[in-house]
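Everything on this sheet refers to the single structure shown next.
The values are calculated or read from the model by the stated rules, or taken from the named source; none is laboratory data. Small disclaimer: the values here were computed from a predicted structure and weren't measured. Note: ideal-geometry Cβ built from the backbone for every residue, glycine included; neighbour counts use all protein chains shown. For the accessible areas, the whole protein counts, side chains as well, though only heavy atoms, and no ligand, DNA or RNA atoms are used. Shrake-Rupley method; radii C 1.70, N 1.55, O 1.52, S 1.80 Å.
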Amino acid sequence: RMAELSSEAVYRCREHAADFFGADSPQNVIFTPSCTHSINYVLKGVLSAGDHIIISDMEHNAVTRPVMSLAKKGVQFSAAHVHEGDAAATVAEFRKCMRVNTKLIFCTHASNVFGIKLPIREIGELAHRNGLLFGVDCAQSAGTAPLDLHSLQADFLCMPAHKGLYGIMGLGLLVINCKKTLATVIEGGTGSLSGVNVQPEFLPDRLESGTLNVPAIAALDRGLSFIESVGRERLEAHELNLIRRAFDGIASLPECKLYTSRPESESHVPLLSFNIKGIPSDEAALRLGEKEIAVRAGLHCAGEAHRAMGTQNGGTIRICPSVFTSEEEIDTFIRVIMEICGQK
(Lines give C-alpha, C1' and ligand atoms only; values in the text may rest on other atoms or scores of the structure.)
Protein backbone atom coordinates (compact mmCIF):
# COMPACT_ATOMS: atom_id res chain seq x y z
CA ARG A 1 0.00 0.00 0.00
CA MET A 2 2.88 2.37 0.74
CA ALA A 3 4.23 1.79 -2.76
CA GLU A 4 0.79 2.54 -4.21
CA LEU A 5 0.60 5.78 -2.25
CA SER A 6 4.04 6.79 -3.56
CA SER A 7 2.95 6.11 -7.13
CA GLU A 8 -0.21 8.15 -6.56
CA ALA A 9 1.86 11.07 -5.21
CA VAL A 10 4.12 10.97 -8.27
CA TYR A 11 1.19 10.89 -10.69
CA ARG A 12 -0.62 13.65 -8.81
CA CYS A 13 2.41 15.93 -9.21
CA ARG A 14 2.76 14.89 -12.86
CA GLU A 15 -0.84 15.96 -13.51
CA HIS A 16 -0.33 19.16 -11.54
CA ALA A 17 2.81 20.12 -13.47
CA ALA A 18 1.15 19.28 -16.81
CA ASP A 19 -1.68 21.66 -16.00
CA PHE A 20 0.70 24.32 -14.64
CA PHE A 21 2.83 24.38 -17.82
CA GLY A 22 0.14 23.63 -20.40
CA ALA A 23 1.28 20.14 -21.39
CA ASP A 24 -1.17 18.04 -23.40
CA SER A 25 -0.73 15.02 -21.14
CA PRO A 26 0.74 14.17 -17.71
CA GLN A 27 2.90 11.61 -19.53
CA ASN A 28 4.74 14.54 -21.13
CA VAL A 29 6.10 15.60 -17.73
CA ILE A 30 9.43 13.89 -17.10
CA PHE A 31 11.07 13.90 -13.67
CA THR A 32 14.87 14.09 -13.77
CA PRO A 33 17.61 14.55 -11.16
CA SER A 34 18.10 18.23 -12.06
CA CYS A 35 17.50 20.94 -14.65
CA THR A 36 20.97 20.16 -16.01
CA HIS A 37 19.91 16.55 -16.62
CA SER A 38 16.76 17.76 -18.37
CA ILE A 39 18.80 19.97 -20.70
CA ASN A 40 21.23 17.14 -21.47
CA TYR A 41 18.31 14.83 -22.27
CA VAL A 42 17.06 17.31 -24.89
CA LEU A 43 20.39 18.28 -26.45
CA LYS A 44 21.77 14.75 -26.62
CA GLY A 45 18.39 13.27 -27.44
CA VAL A 46 17.86 15.52 -30.48
CA LEU A 47 21.30 16.24 -31.95
CA SER A 48 23.72 14.02 -33.83
CA ALA A 49 26.80 14.52 -35.99
CA GLY A 50 26.15 16.96 -38.83
CA ASP A 51 23.34 18.80 -37.05
CA HIS A 52 23.51 22.49 -36.13
CA ILE A 53 22.14 24.11 -32.95
CA ILE A 54 21.65 27.78 -32.11
CA ILE A 55 22.09 28.91 -28.50
CA SER A 56 22.53 32.41 -27.05
CA ASP A 57 25.54 34.20 -25.58
CA MET A 58 23.76 34.29 -22.20
CA GLU A 59 23.74 30.56 -21.51
CA HIS A 60 24.53 28.73 -18.28
CA ASN A 61 27.14 25.98 -18.42
CA ALA A 62 24.23 23.52 -18.24
CA VAL A 63 23.76 24.40 -21.92
CA THR A 64 27.22 25.42 -23.11
CA ARG A 65 29.14 22.42 -21.76
CA PRO A 66 26.96 19.70 -23.31
CA VAL A 67 26.97 21.69 -26.56
CA MET A 68 30.78 21.80 -26.48
CA SER A 69 30.82 18.05 -25.78
CA LEU A 70 28.55 17.45 -28.75
CA ALA A 71 30.76 19.66 -30.92
CA LYS A 72 33.57 17.15 -30.41
CA LYS A 73 31.24 14.55 -31.94
CA GLY A 74 30.44 16.55 -35.07
CA VAL A 75 27.56 18.80 -33.96
CA GLN A 76 27.90 22.42 -35.11
CA PHE A 77 26.72 25.40 -33.07
CA SER A 78 26.25 29.16 -33.19
CA ALA A 79 25.67 31.60 -30.34
CA ALA A 80 23.23 34.44 -31.01
CA HIS A 81 23.91 37.78 -29.31
CA VAL A 82 21.20 38.97 -26.91
CA HIS A 83 20.20 42.65 -27.00
CA GLU A 84 18.86 43.69 -23.60
CA GLY A 85 15.27 44.93 -23.89
CA ASP A 86 15.19 44.67 -27.73
CA ALA A 87 13.21 41.61 -28.80
CA ALA A 88 13.37 42.33 -32.53
CA ALA A 89 17.15 42.74 -32.53
CA THR A 90 17.62 39.55 -30.51
CA VAL A 91 15.36 37.53 -32.83
CA ALA A 92 17.28 38.93 -35.80
CA GLU A 93 20.50 37.60 -34.26
CA PHE A 94 18.97 34.12 -34.01
CA ARG A 95 17.73 34.38 -37.59
CA LYS A 96 21.24 35.27 -38.81
CA CYS A 97 22.62 32.11 -37.20
CA MET A 98 20.29 29.75 -39.07
CA ARG A 99 21.76 27.25 -41.52
CA VAL A 100 20.36 24.56 -43.77
CA ASN A 101 21.35 21.90 -41.21
CA THR A 102 19.97 23.75 -38.16
CA LYS A 103 17.85 21.31 -36.19
CA LEU A 104 17.30 22.93 -32.79
CA ILE A 105 17.21 26.32 -31.13
CA PHE A 106 17.84 26.03 -27.40
CA CYS A 107 18.24 29.05 -25.15
CA THR A 108 17.76 30.34 -21.66
CA HIS A 109 14.57 32.23 -20.86
CA ALA A 110 16.49 34.59 -18.58
CA SER A 111 20.14 34.96 -17.69
CA ASN A 112 20.96 33.52 -14.28
CA VAL A 113 23.61 36.25 -13.92
CA PHE A 114 22.03 39.44 -15.25
CA GLY A 115 18.31 38.66 -15.22
CA ILE A 116 17.95 39.66 -18.87
CA LYS A 117 14.96 37.94 -20.51
CA LEU A 118 15.06 36.56 -24.02
CA PRO A 119 11.95 36.93 -26.21
CA ILE A 120 11.24 33.22 -26.21
CA ARG A 121 7.75 33.43 -27.73
CA GLU A 122 9.17 35.24 -30.78
CA ILE A 123 12.15 32.87 -30.94
CA GLY A 124 9.74 29.93 -30.76
CA GLU A 125 7.75 31.36 -33.67
CA LEU A 126 10.98 31.76 -35.66
CA ALA A 127 11.95 28.16 -34.95
CA HIS A 128 8.59 26.68 -35.94
CA ARG A 129 8.26 28.82 -39.09
CA ASN A 130 11.50 27.19 -40.21
CA GLY A 131 10.67 23.64 -39.14
CA LEU A 132 13.04 23.64 -36.16
CA LEU A 133 12.62 22.28 -32.67
CA PHE A 134 12.75 24.78 -29.79
CA GLY A 135 13.81 24.21 -26.20
CA VAL A 136 14.03 26.60 -23.25
CA ASP A 137 16.06 26.60 -20.02
CA CYS A 138 13.52 28.01 -17.55
CA ALA A 139 15.70 27.69 -14.43
CA GLN A 140 15.50 31.41 -13.68
CA SER A 141 11.89 32.06 -14.73
CA ALA A 142 9.73 29.09 -13.70
CA GLY A 143 7.34 30.22 -10.99
CA THR A 144 7.30 33.94 -11.75
CA ALA A 145 7.05 34.14 -15.55
CA PRO A 146 4.05 32.75 -17.44
CA LEU A 147 5.21 29.49 -19.02
CA ASP A 148 2.62 27.86 -21.25
CA LEU A 149 4.07 25.47 -23.81
CA HIS A 150 1.57 26.31 -26.52
CA SER A 151 1.60 30.11 -26.26
CA LEU A 152 5.42 30.06 -26.18
CA GLN A 153 5.57 27.58 -29.09
CA ALA A 154 8.14 25.63 -27.08
CA ASP A 155 8.79 21.95 -27.67
CA PHE A 156 10.79 21.45 -24.47
CA LEU A 157 10.83 23.27 -21.13
CA CYS A 158 13.61 22.42 -18.65
CA MET A 159 13.67 23.60 -15.03
CA PRO A 160 14.67 22.74 -11.45
CA ALA A 161 12.22 22.21 -8.63
CA HIS A 162 14.15 24.08 -5.96
CA LYS A 163 14.20 27.65 -7.30
CA GLY A 164 11.05 29.56 -8.24
CA LEU A 165 8.85 26.45 -7.89
CA TYR A 166 9.59 26.27 -4.14
CA GLY A 167 10.43 22.58 -4.13
CA ILE A 168 13.62 21.02 -2.77
CA MET A 169 16.99 20.27 -4.34
CA GLY A 170 17.60 17.08 -6.31
CA LEU A 171 14.74 17.25 -8.82
CA GLY A 172 14.36 18.60 -12.34
CA LEU A 173 11.54 18.67 -14.85
CA LEU A 174 11.45 18.20 -18.59
CA VAL A 175 8.07 19.09 -20.07
CA ILE A 176 7.58 18.02 -23.69
CA ASN A 177 5.25 19.47 -26.29
CA CYS A 178 6.11 17.60 -29.48
CA LYS A 179 6.06 14.13 -31.00
CA LYS A 180 9.83 13.93 -31.35
CA THR A 181 11.17 10.71 -29.83
CA LEU A 182 14.29 11.62 -27.90
CA ALA A 183 17.26 9.30 -28.05
CA THR A 184 18.00 8.10 -24.53
CA VAL A 185 20.96 9.33 -22.49
CA ILE A 186 20.57 6.58 -19.87
CA GLU A 187 18.64 3.33 -19.86
CA GLY A 188 17.49 1.05 -17.07
CA GLY A 189 14.59 -0.08 -14.97
CA THR A 190 11.34 1.80 -15.47
CA GLY A 191 8.84 -0.45 -13.71
CA SER A 192 7.26 -1.23 -17.08
CA LEU A 193 7.87 -3.89 -19.76
CA SER A 194 10.25 -5.59 -17.32
CA GLY A 195 10.52 -8.71 -19.47
CA VAL A 196 11.93 -6.71 -22.40
CA ASN A 197 15.64 -5.82 -22.56
CA VAL A 198 15.24 -2.55 -24.48
CA GLN A 199 14.09 0.85 -23.24
CA PRO A 200 10.34 1.58 -23.68
CA GLU A 201 9.35 3.95 -26.47
CA PHE A 202 6.53 5.67 -24.57
CA LEU A 203 6.71 8.58 -22.13
CA PRO A 204 7.48 9.12 -19.35
CA ASP A 205 9.08 5.69 -18.99
CA ARG A 206 11.50 6.19 -21.90
CA LEU A 207 13.26 9.00 -20.03
CA GLU A 208 12.74 7.95 -16.40
CA SER A 209 15.15 5.13 -15.59
CA GLY A 210 15.97 4.27 -11.99
CA THR A 211 14.33 5.23 -8.72
CA LEU A 212 12.54 8.57 -8.75
CA ASN A 213 13.08 11.14 -6.02
CA VAL A 214 9.61 10.72 -4.55
CA PRO A 215 10.12 13.05 -1.55
CA ALA A 216 11.21 15.87 -3.87
CA ILE A 217 8.32 15.17 -6.25
CA ALA A 218 5.83 15.38 -3.38
CA ALA A 219 7.47 18.62 -2.26
CA LEU A 220 7.19 20.04 -5.78
CA ASP A 221 3.47 19.29 -5.80
CA ARG A 222 3.13 21.41 -2.66
CA GLY A 223 5.35 24.10 -4.17
CA LEU A 224 3.10 24.40 -7.21
CA SER A 225 0.07 24.64 -4.91
CA PHE A 226 1.83 27.39 -2.93
CA ILE A 227 2.45 29.42 -6.09
CA GLU A 228 -1.18 29.03 -7.12
CA SER A 229 -2.40 30.08 -3.67
CA VAL A 230 -0.29 33.24 -3.66
CA GLY A 231 -0.68 33.95 -7.37
CA ARG A 232 2.16 33.97 -9.89
CA GLU A 233 1.51 37.62 -10.79
CA ARG A 234 1.69 38.65 -7.13
CA LEU A 235 4.93 36.73 -6.68
CA GLU A 236 6.51 38.44 -9.67
CA ALA A 237 5.27 41.89 -8.63
CA HIS A 238 6.64 41.43 -5.10
CA GLU A 239 10.05 40.26 -6.27
CA LEU A 240 10.31 42.94 -8.98
CA ASN A 241 9.47 45.61 -6.42
CA LEU A 242 12.29 44.34 -4.20
CA ILE A 243 14.86 44.10 -6.98
CA ARG A 244 14.02 47.62 -8.19
CA ARG A 245 14.42 48.85 -4.62
CA ALA A 246 17.85 47.22 -4.52
CA PHE A 247 18.73 48.57 -7.98
CA ASP A 248 17.82 52.13 -6.99
CA GLY A 249 19.81 51.88 -3.77
CA ILE A 250 22.91 50.54 -5.52
CA ALA A 251 22.58 52.98 -8.42
CA SER A 252 22.83 55.89 -5.95
CA LEU A 253 26.30 54.76 -4.84
CA PRO A 254 29.18 55.92 -7.08
CA GLU A 255 31.34 53.08 -5.72
CA CYS A 256 29.00 50.47 -7.22
CA LYS A 257 28.64 49.34 -10.82
CA LEU A 258 25.45 47.91 -12.33
CA TYR A 259 25.31 46.11 -15.68
CA THR A 260 21.70 46.34 -16.83
CA SER A 261 18.93 48.87 -17.02
CA ARG A 262 16.36 49.11 -14.22
CA PRO A 263 14.52 45.75 -14.20
CA GLU A 264 11.12 45.64 -15.92
CA SER A 265 8.75 42.68 -16.18
CA GLU A 266 8.92 42.57 -19.98
CA SER A 267 12.70 42.43 -20.15
CA HIS A 268 14.02 41.09 -16.84
CA VAL A 269 13.42 38.55 -14.10
CA PRO A 270 13.85 39.69 -10.46
CA LEU A 271 17.62 39.25 -10.23
CA LEU A 272 20.53 41.67 -10.10
CA SER A 273 24.30 41.61 -10.63
CA PHE A 274 26.66 44.36 -9.50
CA ASN A 275 30.18 45.03 -8.27
CA ILE A 276 31.80 47.33 -5.74
CA LYS A 277 34.72 49.12 -7.36
CA GLY A 278 38.04 48.09 -5.87
CA ILE A 279 36.68 45.00 -4.08
CA PRO A 280 36.70 41.55 -5.71
CA SER A 281 33.22 40.05 -5.91
CA ASP A 282 34.08 37.08 -3.69
CA GLU A 283 35.52 39.35 -1.00
CA ALA A 284 32.41 41.55 -1.08
CA ALA A 285 30.22 38.44 -0.81
CA LEU A 286 32.26 37.30 2.20
CA ARG A 287 31.72 40.64 3.92
CA LEU A 288 28.00 40.49 3.22
CA GLY A 289 27.91 36.94 4.56
CA GLU A 290 29.47 38.13 7.81
CA LYS A 291 26.39 40.36 8.15
CA GLU A 292 24.13 37.34 7.46
CA ILE A 293 23.25 38.53 3.96
CA ALA A 294 23.38 35.61 1.53
CA VAL A 295 24.55 36.43 -2.02
CA ARG A 296 26.52 34.59 -4.70
CA ALA A 297 29.75 35.82 -6.29
CA GLY A 298 32.04 34.96 -9.17
CA LEU A 299 31.11 33.61 -12.60
CA HIS A 300 27.92 31.77 -11.52
CA CYS A 301 28.56 28.81 -13.88
CA ALA A 302 27.94 31.12 -16.84
CA GLY A 303 31.26 32.15 -18.36
CA GLU A 304 29.76 32.98 -21.76
CA ALA A 305 27.29 35.43 -20.21
CA HIS A 306 30.14 37.17 -18.41
CA ARG A 307 32.19 37.34 -21.60
CA ALA A 308 29.22 38.89 -23.37
CA MET A 309 28.92 41.55 -20.66
CA GLY A 310 32.66 42.11 -20.12
CA THR A 311 32.71 40.79 -16.54
CA GLN A 312 34.72 37.63 -17.13
CA ASN A 313 37.58 38.84 -14.94
CA GLY A 314 36.20 38.44 -11.44
CA GLY A 315 32.50 38.01 -12.17
CA THR A 316 29.80 39.80 -10.20
CA ILE A 317 27.88 39.84 -6.93
CA ARG A 318 24.36 38.52 -7.51
CA ILE A 319 21.21 38.89 -5.45
CA CYS A 320 17.89 37.18 -6.06
CA PRO A 321 14.95 37.80 -3.69
CA SER A 322 12.00 35.49 -3.12
CA VAL A 323 8.48 35.75 -1.81
CA PHE A 324 9.91 35.49 1.70
CA THR A 325 12.22 38.52 1.28
CA SER A 326 10.97 41.81 2.74
CA GLU A 327 11.54 45.48 1.91
CA GLU A 328 13.22 45.86 5.29
CA GLU A 329 15.75 43.18 4.36
CA ILE A 330 16.50 44.94 1.08
CA ASP A 331 17.03 48.20 2.99
CA THR A 332 19.40 46.41 5.36
CA PHE A 333 21.27 45.01 2.36
CA ILE A 334 21.67 48.51 0.88
CA ARG A 335 22.82 49.89 4.22
CA VAL A 336 25.50 47.19 4.54
CA ILE A 337 26.64 47.87 0.96
CA MET A 338 27.02 51.53 1.88
CA GLU A 339 29.10 50.53 4.93
CA ILE A 340 31.35 48.32 2.79
CA CYS A 341 31.80 51.13 0.27
CA GLY A 342 32.84 53.47 3.07
CA GLN A 343 35.28 50.93 4.52
CA LYS A 344 37.14 50.15 1.30
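Before moving on, here are some points about what is shown:
- Compared with the direct C-alpha span, the chain from Arg245 to Glu15 gains 79.1 nm at full extension, assuming 0.36 nm per residue.
- For Glu8 and Ile293, the difference between the fully extended length at 0.36 nm per residue and the C-alpha to C-alpha distance is 98.6 nm.
- Net length available on complete extension from Ser252 to Lys179 is 21.1 nm, with 0.36 nm assigned per residue and the Cα-Cα distance removed.
- Net charge of neighbours whose Cβ lies under 13 Å from the Cβ of Phe21, counting Lys and Arg as +1 and Asp and Glu as -1: -4
- Among Ser192, Ser225, Ser265: highest mean-square fluctuation, GNM of the chain, C-alpha pairs under 10 Å: Ser192
- Rounded, prolate or oblate (a/c below 1.5 giving rounded, otherwise prolate when a/b exceeds b/c) for the range 157-196 by Cα gyration tensor: oblate
- Each Cα pair of the chain feeds into the Kirkwood radius, which the Stokes-Einstein equation turns, at 10 °C and 1.306 mPa s, into a diffusion coefficient of 76 µm²/s.
- Size of charge dipole - the range 1-127 - debye, nearest 20, with Cβ of Lys, Arg +1 and Asp, Glu -1, no other charges: 500 debye
- Projecting the Cα atoms of Leu70, Ile276, Ala294 onto the dipole axis of the chain, where Lys and Arg carry +1 and Asp and Glu carry -1 at the beta carbon, places Leu70 farthest toward the positive end.
- For the range 152-199 and the range 212-226, distance of Cα centres in Å: 15 Å
- Net dipole in debye of the chain [+1 Lys, Arg Cβ; -1 Asp, Glu Cβ; about Cα centre; nearest 20]: 880 debye
- Degrees between helix 120-129 axis and first principal axis of the chain (Cα, 0 to 90, nearest 10): 40 degrees
- Normalised per residue, the accessible area of the chain is 44 Å², obtained with a 1.4 Å probe and no contribution from ligands, DNA or RNA.
- Result for the chain in a Gaussian network model with C-alpha springs under 10 Å: among Thr184, Thr211, Thr32, the largest mean-square fluctuation is at Thr211.
- Summing charges over all other residues whose Cβ lies under 13 Å from the Cβ of Glu228, with Lys and Arg as +1 and Asp and Glu as -1, gives 0.
- Charge dipole (the chain, unit charges on Cβ, about Cα centre) - positive-most of Thr184, Ala49, Gln140: Ala49
- For the range 87-109 versus the range 131-148, the spacing of their alpha-carbon centroids is 15 Å.
- Protein accessible area in the chain, 1.4 Å probe - carbon and sulfur %: 51 percent
- Global geometry of the range 275-344, whether rounded, prolate or oblate, following the gyration tensor of its Cα atoms and the 1.5 cut on a/c: oblate
- Prolate/oblate/rounded label for the range 101-240 (Cα gyration tensor, a/c 1.5): oblate
- Test item: Cα-centred dipole of the range 1-49, Lys/Arg +1 and Asp/Glu -1 on Cβ, debye: 200 debye
- Dipole-positive endmost among Thr325, Leu173, Val100 within the chain (Cβ charges, Cα centre): Val100
- Area projected by the alpha carbon convex hull of the range 1-51, averaged over all directions, nm²: 4.8 nm²
- Straight-line cross-link partners of Lys277 among the lysines, defined as a Cα under 24 Å from its Cα and at least 8 positions apart when in the same chain: Lys257, Lys291, Lys344.
- Among 8-16, 306-314, the peptide with the highest mean count of other Cβ atoms within 10 Å heads the list, and the full ranking is 8-16, 306-314.
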